[in-house]
Structure formats: C-alpha cells, structure tokens
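Inspection log for the structure reproduced underneath, given as structure tokens.
The values are calculated or read from the model by the stated rules, or taken from the named source; none is laboratory data. In this text the structure is predicted, and so the values were computed from the model without any measurement. Because the Cβ atoms are built from the backbone with ideal geometry, glycine has one as well, and the counts that use them run over all protein chains shown. Just the protein is used for accessible areas: all its heavy atoms, side chains included, with ligands, DNA and RNA removed. Shrake-Rupley method; radii C 1.70, N 1.55, O 1.52, S 1.80 Å.
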Amino acid sequence: NTQYNTNRESHTRKQREAIQAPAPVIMFSRSAGNGSKGLRRQKRDWVIPPINVAENSRGPFPQMLVSIRSDQDQDISIRYSITGVGADQPPNEVFNIDPVLGKMFVTKPLDREHRSSYHLRAHAVDMNGNQVENPIDLYIFVIDMNDNRPEFKNQVYNGSVDEGSKPGTYVMHLSAFDADDNTTANGMVRYRILSQTPHSPIPNMFTINSETGDIVTVAPGLDREKVSQYTIIVQATDMEGNLNFGLSNTATAIIAVTDINDNPPMLTSRTFSGEVPENRVNIAVANLTVIDADQPHSPNWNAIYRIISGDPSGHFTIRTDPASNDGMVSVVKPVDFEMNRAFMLTVVVSNQAHLASGIQSSLQSTAGVTISVQDVNEPPYFATNPKHIRFEEGVPAGTSLTTFSASDPDRLQMQQIRYSKLNDPADWLSINRTDGQIITTAVLDRESVYVKNNIYEATFLATDNGSPAASGTGTLQIYLIDINDNSPALIPKESQICERMSRNVNSINITAADDDTDPNAGPFVFELPNFPTSIRRNWTISRISGDYARLGLRYQVYLEPGVYEVPVIVSDSGNPPLSNRSVIKVKVCPCDENGDCTTLGAVAAAGLGTGAIISILICIIILLSMVLLFVVWIKRREKERQTKQLLIDPEDDVRDNILKYDEEGGGEEDQDYDLSQLQQPDSLEHIISKPPGVRRVDERPIIPESQYPIRPVVPHPGDIGDFIHEGLRAADNDPTAPPYDSLLVFDYEGSGSTAGSVSSLNSSSTGDQDYDYLNDWGPRFKKLADMYGGGDDD
C-alpha cells in the first residue's frame, strides 16, 4: 500500500508540474499597413493551441492559465475581456482575465465529469470600447484524473446454469461503469473473481472475462443434488486492472444450478397389492410410492404411471397425487368376481420430462401390482329390460300376459329369487312371487289416462335371499291394440240458427269425436232418427267430410223462436260399427242483417211467448209507478212539516243538528275528580218515600205541597210546542219543584273554606226598596214576595 500511494503521488506530481510550466503568451493576429507607399500586408491567422487544465487542482486560486496581449498595447491603452460559458455565461466566473495585463485565470477547481471542455472568446478594445483586434477563440480542456471508482449497477446479480454443464458454458454477465475518461487508463475497467462459495467440487468452478465481465464455467461436475447454488465475489478495477494505481469495487454474483432430469424415478418396492369389491367404481385400491432426487414439483420430478400389462379390458387406471407423487390405482370399470377373482398388473413409472441425454432408466421403474376381487351379493337382473309385449285392450281379468323372470349373477351361491310389484299405476297387473308370471287383475283399457302413446308401463322387483338381500328392477311395457269399444260423440252440444236467413246461416256445423283410433274411428255416418217424424220434416243433415256434418232447417221451413232438441245418430267405421244418439239443443231466433240474434229474439228463444213478454213489461211499469207515488207522498209530507210554525227560531232548532263546542280531553277518566257526588246514592229510600213528581235527591223545603194533576206519561201530546207549554205551566205552579233554597253539592273540594258564608252577607243599602215586582214573577217567587213585599204590615 505504501508503494501504491508513493507511485500515485509521483504520477500526480508529474501531471501538476507539466501543467504549472510557465504560462504561454497568446498574441492577437493583426493587419499592418506600409504607410507612404499604401501597401497592405496580408492578414495572418494564428492557430491557438488548446489550454489544458487538470481537474481537481488544489490551487492556489486564482491560477493563471495564459497571457493574452496585442502588439498595439505599446501605442494605445487596451482593455482585455473574455466571453463564453464559464466566463460571462453560467457557470459564471469560472475563468476571468486581467483587463490591463491580459492574464487569464481559473478561479476554482474543475470537474471533468461535470464539464470536460470550455470554449471562450478573447476580446481587445481601446479605452473608448472600439475593437482593436479581432476576437480569438480559446479552447480549454479539463484533463481527467482518476478520481472515480468503478460502480456496479446492482450489488447482487443472479444467474443460473444447468447442472452437468460442460466447461466454457456461459453463465451470466456483470458490468461496472467508471465515470472517468474511458479513453484513458482512468476509465478502463477490468474484472476478476475474488472468491467462490462453496468450494465444491473445486474452488474455481467459474471464471470471468476481465474485459467483458462474462462468467463461464471452467470445470465439470455441477450437480444440483449436491450444490444447488454458488456465491461469487467479483472485483472491478480501473487503470486497466492495475491494483497499484487503480480504484476498485466489488459485487456479488449468485449462480443457481438448475435441475435437469438426471435422476429417473424409482418405485420403493418391486411388488404392490390391493383388493376391490366387485361392481364398485371410482375407489382407490392400491397406493404406489416412488422416490426421485430431482427438484420436487417440477417436470423432472412429477411421476407418470402406466399399466403395460394385466388389464386388457381397462378396468383400472393410475392417478398421480400432486402432493406426494404417489400413484393411486383406481377402478374405472366394474369388475366381476365370477369372471376374474384377481388381476396381475405390471406398472412402469416415468417423469413428465424426458431423461437427460446419457441417463438410463432404472430397473426400479417397473413393479407388479396384484389386485384381489372381493365377492359381494349382487342384485338379480332382468335379461330384457324393459320388456315389450303386445295385447289387445279389453282382455278380461285373470289373463296371463307373459313371464318376467330375472337371473342371479351370483351363480355359485345358489340363491332364490322372489318377485313383487313396484309400480302399477292403474293396478291392472299381478306377478307370481316365484316364477314371475304376469296376470291381469282388471280389464286393460287403451283409452285410460295411465296409457301413454298406446303403452302401459309397470315396474317389478326381483329380490334374492342373500345376506344382505339385494334387489333389481325391471320394466314391462304393454302395447295395447285398439278395439272398437267407444261410440262416437258430437260437439257442440248447443248452438243457434236464424229463423229466416240464407241457407248457410240456417245451418250449424257439428263434429264427431271418437276415443278409438283408426280404423275404429272415422269416417263417421250422420243421420236423423225416424221418430219423431217432425225431426226429419223440419231438419236436414249432410256430411261435409269424414268427421264433419252440417245440421240445418229445411228450405222454406219456419219455426217459432225457441229452443229445439234435435237428436242426431252418428256411427263410426269399426267392425262392427258403434252408434250413438246425441241431442243438440238448437236455439232458433230472429236475426239482424249480420246474422246475429236480436235481444228480443234471444229472449224469445229462451222459451217465452209474446204474451209472457207483454205481462213482464206491464209488471215492470206498475212497479215503477208505485215507486214514483211513494216518492211524491214523502216529498209532500216533508213540505207540510216545514210549513208548520215552531216555538223557537229555526236557527236555534238543534233537534236535527250535531253541535261540537270544544274537545276537552279524553273524558272523565283522565280528570282527577271525585265523581261519587254525582252518582246515584246507595240508598234510595228517601227518594222512593217522596210523593210522585219529585225527582231531586237534595233537601227540599218542608211546606205543604200543592196537589197538581200528574203529568201524562205520553212523550209528546201530538206537538212539541204543546208539550213544552204544559211542562212550563206545571213547573211555574209547583213550589216544590227545583230549584229551591237548599244546599247543592256539585263537586267535593275539601273541608273548610277561606271565604265566609254567603248567608252572612248583609245589604249595605240603608234606603227603602220596592219589592212589589216580585209578585209578578209567579208562584216560585211568592215566598220571597211575602218576606220583602209586605213592609207596611210589619
């Protein structure tokens, strides 16, 4: 290190001494005249050499670079200046010049990595600012110093190489950048490997190109199963890798050894076994285990199993467990114990990826698998299922149709089979429990709702006596052949025609329908019966097609409006044919010009004659007249009541009005009042003992009562005015009728009172008063008139 520092300082010193040589003098080029002879000398161009300035100079500053002068400075005073980037343009004042002496200085250290050159122009002017010399160009170049280390873009680089790669195999590339001038040794970077971890199988498995930074293998023996990753420290040095003068930096290269399929899969055993119940599918019956040294869950490790012999019918398949890589032998087609009691399979295993070149398969990639079949009780089966038979409908009950028998696949167990009925929608069939014979229990009807497309379907059950018992189902389909057992019918059942219209309007179309099928259905024969004779005399029928006919009135035949029952006989084409007598109700009615029944005609057609219609109309008129008379009588009585004089003003009459004065809450229950004072007392003896006519329960004056006739019980004597006058006269002449001078309790407000008794009040008047007017107030005020009106007698 001491030698390295000494050499570096010597190199720097030599550069500084070369730069600090005496500053050169740069002269302006000029043109001179010959004076008297008028001769002119040609202008000469000076080639100004560039000015070199070392970067990172330590000064002292300002440091003079060159001296600029004009050869006219002996005659006149000249001022010098410089312009350009670094002088009067940013960055300003890097360079300046003595305006009198023309010495140009650099004012601070320069950085080549920031700016490598400057272009300035030098100017010479007189004291008046007039140009004395043409400007000259000055080029300043910053000389590079080795002041930057190489820098890697990343501190960690990742690469990979296949295991088993040959020497010279490219692995990865590293690069470092040096900010110094790459045309000099300061920026020329060289690479080398400092260390390798691990050192297996040798310490130097890789090398690096010193100029390009490419890493390649130099030795064989890469094995991922032994070493899966290498870590390499790479150094980059400038000064062309000179460790004495150059600056260095390091980076880490991680090289992953990628897997190749150089390890074939090997089964852990040469033989495997399993067992499977017969007739079972989609179950695992054996598990095959395998080992593989390659990278797990990669195509080099994933196992693929194949059955190469022992299963010609394809009963088994082997699926790979993606997690464990084991092989699961599964059943995909049912096996039969009576056919095969065991299977001997040969299985071979391989990888998803092919083996690498030069790698041979292992003998342990093949194994034998023995699958034993377990016997189970299988259900009986019907050889023909569904079974089809044909029979004519209408066969009587007890008819044997067929024998529907099943077979037991467990031939070696010698089991018995019993039959039963599972589904018989119409309950037409029965089956013999031992031999499966089918017998009818009712008449088979093709037209039944349980028959679809002429086929009746029933399901039967066959059960063996195994342990546990097993059963199988069989379907019997009976095709019923049609016989002529249904007579035809006519539609519609009701219709209407006009009494006098054209021939087409005086007829209706009828249709025949038959539940049977051809040839027991149409074409149909339509005819009218011979009895009663009025049918053929008034009506006619003609066939339009095999299923349609037209029924109408005969020409020039007139029938009264009404409903007529017309019998029609229709026959099918069966052998022998069946006939049916159908009655069609035809309404004959008058029609308008459009052929539609009128309203009167519809009523007439309903069966009412002209006399009946007139009687109904008369009844309606009488009923309306009675209603009108009743309304007139009500109006007249109302008018009489309004004209009669009332005792009170009509505006004050509240008999037929509801007056709402105010809403004062929810009633007596939400008020804190003692209502017992307003209720009927518990004892009514003192009330009952009173003479008739007295209804008050408070105290009355003890005086002889006048005898007045008892008021009538009738609510009103014919007029409300008379009733009121009679009540007023009785009240005026009854001294015992309320109100009278007694204590009335309206509401209980507690005991005691802060106010004195009203009786204690005395009149403040001292003068005499005339109370004779009390005699004019009636019997009620008689006592008061006696007390105050008879002053002279006292």
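Before moving on, here are some points about what is shown:
- Scoring S407 on the criteria (1) surrounded by 15 or more Cβ atoms within 10 Å (Cβ to Cβ); (2) out of contact with any Lys or Arg (no Cβ under 9 Å at 6 or more places or on another chain) leaves a single failure, condition (1).
- Among the residues making up the stretch 113-127, those that are of a type outside the set (A, V, I, L, M) and open to solvent by less than 40 Å² (accessible area, probe 1.4 Å) are Y118, D126.
- The C-beta contact set for the stretch 320-338 (first residue in contact (Cβ under 8 Å) with a residue 24 or more places away in the chain and more than 11 Å from L288 (Cβ to Cβ), second residue assigned to a loop (DSSP other than H, G, I, E, B) and among the charged types (D, E, K, R), distance under 7 angstrom, 6+ apart or interchain) comprises V331/R280; P334/E278; P334/R280; V335/E278; D336/E278; F337/E278; F337/D375; E338/R411.
- Restricting attention to the stretch 435-460, the residues that are at negative phi and touching a Phe, Trp or Tyr at 6+ places or on another chain (Cβ under 7 Å) total 9.
- A426 vs. criteria small (G, A, S), at negative phi and either open to solvent by less than 80 Å² (accessible area, probe 1.4 Å) or in contact with a helix residue (DSSP H, G or I) (Cβ under 7 Å, 6 or more places away or on another chain) (or both): yes
- Residue match in the stretch 473-494 (condition: outside any loop (DSSP other than H, G, I, E, B), open to solvent by less than 70 Å² (accessible area, probe 1.4 Å), in contact with a Pro (Cβ under 6 Å, 6 or more places away or on another chain) and outside the structural domain of E560 (by the TED database)): yes
- Pairs with Cβ under 8 Å, 6+ apart, first in the stretch 443-467 and within 15 Å of I389 (Cα to Cα) and among the acidic types (D, E), second open to solvent by 20 Å² or more (accessible area, probe 1.4 Å) and not in a loop (DSSP other than H, G, I, E, B): E457/T475; E457/Q477
- Note on the stretch 506-529: residues that are over 13 Å from S579 (Cβ atoms), over 59 Å from the mean Cα position of the chain (by Cα), among the aliphatic types (A, V, I, L, M) and open to solvent by 30 Å² or more (accessible area, probe 1.4 Å) amount to 0.
- A single member of V276, V285, V234 is of a type in the set (A, V, I, L, M, F, W, C) and assigned by the TED database to the domain that holds D181, and it is V234.
- Identity of the residue in the stretch 227-245, part of a loop (DSSP other than H, G, I, E, B) and in contact with a Pro (Cβ under 8 Å, 6 or more places away or on another chain), that ends up nearest to S165 (Cα to Cα): V227
- Scanning the stretch 281-295 for residues being more than 13 Å from G327 (Cα to Cα), in contact with a strand residue (DSSP E or B) (Cβ under 8 Å, 6 or more places away or on another chain) and surrounded by 14 or more Cβ atoms within 10 Å (Cβ to Cβ) gives a total of 2.
- Restricting attention to the stretch 216-238, the residues that are over 59 Å from the mean Cα position of the chain (by Cα) and surrounded by fewer than 19 Cβ atoms within 10 Å (Cβ to Cβ) add up to 4.
- Residues in the stretch 158-186 that are assigned to a loop (DSSP other than H, G, I, E, B), touching a strand residue (DSSP E or B) at 6+ places or on another chain (Cβ under 7 Å) and among the charged types (D, E, K, R): E163 alone.
- Residue count for the stretch 613-638 under the criterion of being closer than 27 Å to G562 by Cβ and polar (S, T, N, Q): the result is 1.
- Odd one out for I491 among (1) farther than 30 Å from C589 by Cβ; (2) under 56 Å from the mean Cα position of the chain (by Cα): (1)
- Scanning the stretch 422-448 for residues being aliphatic (A, V, I, L, M) and under 20 Å from S405 (Cα atoms) gives a total of 5.
- Residue, farthest from D144 (Cα to Cα), within the stretch 87-121, restricted to residues that are in contact (Cβ under 8 Å) with a residue 40 or more places away in the chain and β-branched (V, I, T): T107
- Checking each residue in the stretch 128-176 for being of a type in the set (G, A, S) and surrounded by fewer than 13 Cβ atoms within 10 Å (Cβ to Cβ) picks out G129, S160, G168.
- Only residues that are of a type in the set (V, I, T) and not in a loop (DSSP other than H, G, I, E, B) were counted in the stretch 406-455, giving 6.
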